[in-house]
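S.K.: Would you mind keeping the following structure in view while I ask a few things?
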Amino acid sequence: MTGIGLFFGVIVAIAIIVILYFISTQRSLVSLDEMCKNSLSQIEVQLNSRFDAVVALAKTAAQYAKHESETIIQTIEARGGHTSAATPAGINAQSDLLSQMMARLNVVVEQYPELKASDLYAKAQDGQRQYEENVRISRMVYNDTATKMNRMVRQWPSSIVASMLHFDVKEYLKVDNEKKKDYPDLDEAFKK
């Protein structure tokens, strides 16, 4: 009787350990999933603020170059400064659009040196840079959280729980290649 009781005791203990592991893993997966959603939402908020800052820059530039600036403002508003970007693909699309609009605006600004010297334009540009930095930090937070989530979804034994509960690997936010073009070429700098 003690052998059978011990056997059932071990089975019950193993079942309790498996159930506790399943519950713990499920809670961790839900927590990471919510953190990913929150990070994407934060990025979306910052991108919308950045769109507003770009519009403010364009409106400031409109004092000097009315037609070009109005075209940029209309393009920004038409293409969605305030559309949802709740997925990594949507975030990447909005970031690309912002980079294109800033490039167009910079072309206009280069034509008007007095605009670059304007205090109003400098303040608007500082605001835009701050939102850009906030987006960069938020992107890093999202990618870090997605990495943690992806590890849990892909590593054994948590992958079994993730599969049973339909948790999937999160897509990463891409690197902004336009920003990489602005980096100095260190190889060239050190050859001198």
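S.K.: Which of the residues belonging to the range 1-28 are touching a helix residue (DSSP H, G or I) at 6+ places or on another chain (Cβ under 6 Å) and of a type outside the set (S, T, N, Q)?
M.R.: PHE22
S.K.: Filter the range 113-156 down to the residues that are β-branched (Val, Ile, Thr) and either more than 16 Å from SER41 (Cβ to Cβ) or without any contact (Cβ under 8 Å) to a residue 24 or more places away in the chain (or both) and list them by number. Before the answer, list the steps.
M.R.: Here is the first cut: in the range 113-156, the ones β-branched (Val, Ile, Thr) are 135, 137, 141, 145, 147, 153.
The answer is ILE137, THR147, VAL153.
S.K.: Can you list residue pairs whose Cβ atoms sit under 7 Å apart, with the first residue in the range 14-31 being at negative phi and the second being among the hydroxyl-bearing types (Ser, Thr, Tyr) and modelled with pLDDT of 95 or more? Count only pairs 6 or more apart in sequence or on different chains.
M.R.: Every condition considered, no pair remains.
S.K.: Now a separate question. Which pairs do you get when a residue that is more than 10 Å from SER138 (Cα to Cα), found in the range 32-45, comes within reach of a residue that is open to solvent by 30 Å² or more (accessible area, probe 1.4 Å) and of a type outside the set (Gly, Ala, Ser), reach meaning Cβ atoms under 7 angstrom, with the pair 6+ apart or on two chains?
M.R.: So the pair list comes out as LEU32/LYS148; LEU32/MET152; ASP33/PHE167; CYS36/LYS170.
The values are calculated or read from the model by the stated rules, or taken from the named source; none is laboratory data. Quantities reported herein were computed from a predicted structural model and do not represent experimental measurements. Every residue, glycine as well, gets a Cβ built from its backbone with ideal geometry; the counts of neighbours run over all protein chains shown. Remember, those area values only see protein heavy atoms, side chains included, never the ligands or the DNA or RNA. Shrake-Rupley method; radii C 1.70, N 1.55, O 1.52, S 1.80 Å.
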